[in-house]
1. Can you list residue pairs whose Cβ atoms sit under 9 Å apart, with the first residue in segment 202-217 being farther than 21 Å from Asn74 by Cβ and the second being loosely packed, with under 15 Cβ neighbours inside 10 Å and not aromatic (Phe, Trp, Tyr)? Count only pairs 6 or more apart in sequence or on different chains.
2. Those residues that are surrounded by fewer than 18 Cβ atoms within 10 Å (Cβ to Cβ) and in contact (Cβ under 8 Å) with a residue 40 or more places away in the chain, I need them from segment 115-133; list them, please.
3. If you check every pair at least six apart or on different chains, which have Cβ atoms under 7 Å apart with a residue in segment 384-411 that is crowded, with 16+ Cβ neighbours inside 10 Å first and a residue that is not in a helix (DSSP H, G or I) second?
4. Out of (1) surrounded by fewer than 19 Cβ atoms within 10 Å (Cβ to Cβ); (2) touching a Ser or Thr at 6+ places or on another chain (Cβ under 9 Å); (3) in a helix (DSSP H, G or I), what's the single condition that is false for Leu221?
5. Which numbered condition trips up Asn302, out of (1) surrounded by fewer than 20 Cβ atoms within 10 Å (Cβ to Cβ); (2) at pLDDT below 75?
6. Residue by residue through segment 463-489, note down the ones that are closer than 12 Å to Leu330 by Cα and among the polar types (S, T, N, Q).
7. Filter segment 78-131 down to the residues that are in a loop (DSSP other than H, G, I, E, B) and of a type in the set (A, V, I, L, M) and list them by number.
8. In this structure, is Phe168 more than 18 Å from the chain's Cα centre (by Cα), aromatic (Phe, Trp, Tyr), surrounded by fewer than 16 Cβ atoms within 10 Å (Cβ to Cβ) and within 30 Å of Phe214 (Cα to Cα)?
Amino acid sequence: MQSSSQHNKRIAKNTLALYVRMLLLMAISLYTSRVVLKLLGVEDFGIYNIVGGFVALFGVLSKSLSSAASRFLNYEMGKGNRERLSDVFSTIFVIHILLALFVAIIAEIAGIWFITHKMVVSPDRLNAAIWVFHFSVLAFCLNIFTVPFNAAIIAHERMTIYAYISIFEGVGKLLICYLIAISPFDHLIFYAILTAVVHILVMGMYIRYSCKNFMECSLNLHCNREMVFNISSFAGWNMIGSSAAIIANQGGNILLNLYGGGPVVNAARAISNQVQHAVQGFVENFIVALRPQITQSYAKGNMDYLMTLVFYGSRFSFYLMLLLCVPILLNTEYLLSLWLHRVPDHTIAFVQWTLVYIMIESLSGTLITAQLATGRIRNYQIVVGGLQMMNLPISYVFLYYTGLPETVIYILVVVSLCCLFARLYMLHSLIHLEVLSFFRDVLINILAVAIAACIIPFFIKQFLSVSFLNFCILAATSFLFTSLSIFFVGCNKKERKVFYRKLMLVLKHFKNNDYDKG
C-alpha cells in the first residue's frame, strides 16, 4: 500500500512532465495559429473552423465514452483486479470501433447537407469546404479509435510517454505550416489532408506503446455483455454533460456563422478558442495528473484523501489560471497585435471573456472527476447537463435580437457559474462533499487572491503607454503580485512551510553543485 506522500510525489512528477509538454505545445499552437491564419486568410480560416466545429458536435459521443473509459480503467486498477481490467479494455475497444463507424456514416450524411444548404460560404469555396469536411471526419474518427489506448496510458500514469507523443503531434503541426507555405495546391484542402496524416501517425504511436507495455491492451475483439451495458449506461448519462459542453461551444460557432456575421466572426471566435486551448491546457494537465488518484481513492474507499485532492485541485487549478490570465487580460490588445498580422473584429472581447470563462471552469475539474468516480451520474447529469444545454437557446435569442456576437460568450460565463453551484449541490448528496467548507476554503480564498493580485497591476497599467517595454514591465508586475497573493493570501501556514522546505532543498542542491565544481 503506497502512502499519500508517494502518491503526491507521483502526482508532482506527472504534473511536471505534462507542463513541459504544455509549454512546448502552447508555443507551437500560438505560432501555427498565426501562420495558418496568414496562409489561409481570414475567410478560409473561418471556414475550416466552422466545418471542424460541425464535426466536433459528434464529439459528444466520443467525449462521453472517453470519460467512461478513464473511469472504468482507473476504478478496476484501484480494485487491483487484473483479469477484469483486461475485459474492460477489450470491451471499450470494441465499443469505440463501432462508434467510429457510426460517426463516419452519420456525419457524412448530415454534414454534406449542412454545408450545401445552410452554411454561409462563398460559392467558389464550397468545394474546398466539402473536402475539408471529409478529412475532418477522418481525423475525428481516428481520434475516437485512439481513445482506449490514450486512457490506458493515463490510467497507468505514464505521463512522460503521453507528453512525448503529444509533442510529436505538435512538431507535426509545425511541419504542416511549412508544407502549406511551399505547396502549389489549394492551401485549405492541403491543410486538412496533412492534419489527417498527423492523426494517423499519432494513432499508431498510441496503439504500439500501449499494446507493448500494458498487459490488458490488445487488439482483441472480445466483448463482455455485462460491461457493455455498464459502460454504455454510464456513457449514455454522461453524454448529457458532454453534449451540453460541445453544443455550447460548437453550436455557438454555428449560430455566429448564421446570425453573427459569418466566417469573419467565426475567425475571431476561432482565435479565442486557440487562446483557450493553450491556456486551459495548463489546468487540464494538472487534472489529468490528479484524475487516476481521485478515482482509485474512491475505489479503495479512501474518502479523506479524495476530498483533499478535490479541494486542493480546485484551488490550485484556479491559481494556475490566474497566473496566466492576469497578464493576458491586461495586455490583450497588444498581445493580439503582436501575435497576428491582422486582428479580426470582436477578437479582443472574445479572448478576454473566454479567459474569464476558463478561470471559472478551472474550479470544476476535480469536482467532475470525483462525480465520475462514483459511477452514479444520472441525476447529476440531468441537473448540470440541463443547465449547460440552456446555452444554445439563450444565445440564439440574444444573438437573433441584438446581433451582438459577444453575447454568446457572456451567456457562457453566466451559465458556467450556475453549473459550478449545481455541481457542489449534487456532489453533496453523492459523496457528502461539505459545501460550506468548499465556499470557505476554495471560493472565498480564490476571490481574495484574485482581488489582491489585480489591484496594483491594474493601477500601474493606467500610467503606461503601449510598447513592448511597458508590456514586459506590466507582465512581470502581474506575475509577481499574483505569485505573492497566492503565497500569502491563498496558501495556508502548512502549505507555505512545505513550499519553503522544498525551496531550501533546491537552493541547497544548487549550492552543493557549485561547491563541487569549485
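The values are calculated or read from the model by the stated rules, or taken from the named source; none is laboratory data. Given the structure is predicted, the values throughout are model-derived calculations rather than measurements. All Cβ positions, even for glycine, are placed from backbone atoms using ideal geometry, and neighbour counts span all protein chains on display.
1. Taking only residues 6 or more apart or on different chains, not a single pair turns up.
2. We begin by selecting, within segment 115-133, every residue surrounded by fewer than 18 Cβ atoms within 10 Å (Cβ to Cβ); these are 116-118, 120, 122-127, 130-131.
Answer for segment 115-133, where residues must be surrounded by fewer than 18 Cβ atoms within 10 Å (Cβ to Cβ) and in contact (Cβ under 8 Å) with a residue 40 or more places away in the chain: Lys118, Val120, Ser122, Arg125, Trp131.
3. These pairs meet every condition: Leu399/Gly260; Pro405/Gly260; Pro405/Gly261; Pro405/His346; Glu406/His346.
4. Here Leu221 clears every test but (3).
5. Answer for Asn302: the failing condition is (2).
6. Selection gives Asn470, Thr477, Ser478.
7. Taking segment 78-131 as the starting set, the residues that turn out to be in a loop (DSSP other than H, G, I, E, B) are 80-81, 118-122.
Passing the criteria: Met119, Val120, Val121.
8. On the way: more than 18 Å from the chain's Cα centre (by Cα): yes; aromatic (Phe, Trp, Tyr): yes; surrounded by fewer than 16 Cβ atoms within 10 Å (Cβ to Cβ): yes; within 30 Å of Phe214 (Cα to Cα): yes.
When the stated conditions are applied, Phe168 passes them.
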